[in-house]
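Enquirer: Dumping the structure here so I can ask a few things about it.
The values are calculated or read from the model by the stated rules, or taken from the named source; none is laboratory data. From a predicted model like this one, the values you see are computed outputs, not experimental measurements. Here the Cβ is made from the backbone with ideal geometry for all residues, glycine too, and neighbour counts use every protein chain on show.
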Ligand code: ADP
Ligand code: GN1
Ligand code: MG
């Protein structure tokens, strides 16, 4: 729903913002929330905030979600201060409402929150400089390391079974079966692609269930544009988009970053000849992530890194295809067949990884 400036200002007014509100404009390219950049003036000085409508169709428990975000950001801010860092830039800072709450429910039933804008930093929708990808890896690894002692049991599961690939497969099969939009016939090749890899969908889930790989507090949505890169230092300064911080596997975080950032093409590229897994970027990310985790990854986790990358990519493609079959109800789309295009890039990436499997394995073996 389009909202005008007056309404967005009214919503912003509910929060403890400083200065006179000057502008509010759509910001970023996330697939889930509606994000706005709010600019306020205080004398000569400009202050920026992120105003976000939380997607409560996707996140059914916005209150629990914000409890997670506040819990995690407070924990991170303390750690950052202890390490001599700047907790206003290196972690998200939730701006409470004037009533002291962490979110606001608008008269139309929509849920809103506000963050301090991380100044002098940028998030990328594609790898422009290889160093940025490396720095994002260090930061995502470090994020996980910082949360090592976070009380995992206190976290709400904001999207149940988020990276349960077996459950994702079951939902995909149900969508094919129901075929409510009559689109299945046109995507037989893609459906077959998933079914040929149905057994793979069990690998990570089984390893977590048996304890072969540990359950950790993870981010679970580690695509490149969920990290702010510092304009001055080029370091991954702040991990954002904490809606899916939940108990999970390090392989999810590693894998999702490879899925998005090591792809030579965009997530929604139509020309599939542009899609491949860039092994140089794969190697750089592996180096950065293992460094950021500071030795906390187990041998088994390291061995399974290529599988993490492949399964997160397969799972994401399957989710795009499911959404296409269900009528594009989950991910924001900007053109017809957008989800189908996204699905195809993911499957092309999976195929390319399969072709490069030995090379990927020998890259990660250096870290054993
Ligand atoms: P979505 O869940 O829709 O992806 P995000 O929380 O990732 O939403 O926000 C979308 C974009 O807004 C990010 O990719 C980033 O560019 C920008 N953004 C979000 N939070 C901040 C922040 N605190 N400071 C600066 N930019 C931000
Ligand atoms: C969504 O919110 P955003 O745009 O960072 C999605 C991820 C997908 C990603 C694909 C909560 O991420 O799981 O991997 O799109 N987030 C949610 O681009 O479903
Ligand atoms: Mg995001």
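Enquirer: Residue by residue through the range 79-102, note down the ones that are assigned to a loop (DSSP other than H, G, I, E, B) and away from ligand 1 (no atom under 14 Å from the Cβ).
Expert: Matches in the range 79-102: 83, 84, 85, 96, 98, 99, 100, 101, 102.
Enquirer: Shifting gears a bit: Look through the range 103-114, keep the residues that are part of a loop (DSSP other than H, G, I, E, B) and within 23 Å of the chain's Cα centre (by Cα), and return whichever of them is farthest from residue 227 (Cα to Cα).
Expert: Among those residues, the one meeting the criterion is 110.
Enquirer: On to the next question. So residue 31 ticks every box in (1) part of a loop (DSSP other than H, G, I, E, B); (2) within 14 Å of ligand 1 (Cβ to nearest atom); (3) in contact with a strand residue (DSSP E or B) (Cβ under 8 Å, 6 or more places away or on another chain) but one. Which box is left unticked?
Expert: Here residue 31 clears every test but (3).
Enquirer: Given the conditions (1) away from ligand 3 (no atom under 16 Å from the Cβ); (2) under 21 Å from residue 222 (Cα atoms), which single one is not true for residue 49?
Expert: Here residue 49 meets the rest and fails (2).
Enquirer: Here are some conditions: (1) surrounded by 14 or more Cβ atoms within 10 Å (Cβ to Cβ); (2) out of contact with any helix residue (DSSP H, G or I) (no Cβ under 6 Å at 6 or more places or on another chain). Residue 149 meets all but one. Which one does it not meet?
Expert: Of everything listed in (1) surrounded by 14 or more Cβ atoms within 10 Å (Cβ to Cβ); (2) out of contact with any helix residue (DSSP H, G or I) (no Cβ under 6 Å at 6 or more places or on another chain), residue 149 misses just condition (1).
Enquirer: Could I ask something else about it? Taking the range 4-27 only, how many residues are modelled with pLDDT under 95 and within 16 Å of residue 113 (Cα to Cα)?
Expert: Selection size over the range 4-27: 1.
Enquirer: Here is a follow-up. For residues that are surrounded by fewer than 21 Cβ atoms within 10 Å (Cβ to Cβ), over 17 Å from the mean Cα position of the chain (by Cα) and either within 16 Å of ligand 2 (Cβ to nearest atom) or closer than 24 Å to residue 283 by Cα (or both), tally how many sit in the range 117-133.
Expert: Of the residues in the range 117-133, 4 are surrounded by fewer than 21 Cβ atoms within 10 Å (Cβ to Cβ), over 17 Å from the mean Cα position of the chain (by Cα) and either within 16 Å of ligand 2 (Cβ to nearest atom) or closer than 24 Å to residue 283 by Cα (or both).
Enquirer: Taking the stated definitions as given, is residue 124 within 16 Å of ligand 3 (Cβ to nearest atom) and either assigned to a helix (DSSP H, G or I) or farther than 21 Å from residue 86 by Cβ (or both)?
Expert: Criteria met by residue 124.
Enquirer: Taking residue 16 and the conditions (1) touching a residue at least 60 places away in the same chain (Cβ under 8 Å); (2) within 30 Å of residue 135 (Cβ to Cβ); (3) loosely packed, with under 15 Cβ neighbours inside 10 Å, which numbered condition does it fall short on, given that it satisfies the others?
Expert: The failed condition is (2).
Enquirer: Could you tell me which numbered condition residue 185 fails, if it satisfies all but one of (1) touching a residue at least 12 places away in the same chain (Cβ under 8 Å); (2) surrounded by fewer than 17 Cβ atoms within 10 Å (Cβ to Cβ)?
Expert: (1)
Enquirer: Select from the range 253-312 the residues that are within 16 Å of ligand 1 (Cβ to nearest atom) and more than 18 Å from residue 135 (Cα to Cα) and write down the one among them that is surrounded by the fewest Cβ atoms within 10 Å (Cβ to Cβ).
Expert: The selected residue is 266.
Enquirer: Additional query: Identify the residue in the range 89-116 that is more than 16 Å from ligand 2 (Cβ to nearest atom) and within 14 Å of residue 72 (Cα to Cα) and, among all such residues, is surrounded by the most Cβ atoms within 10 Å (Cβ to Cβ).
Expert: The selected residue is 91.
Enquirer: Within the range 36-50, how many residues are surrounded by 18 or more Cβ atoms within 10 Å (Cβ to Cβ) and within 10 Å of ligand 1 (Cβ to nearest atom)?
Expert: 3
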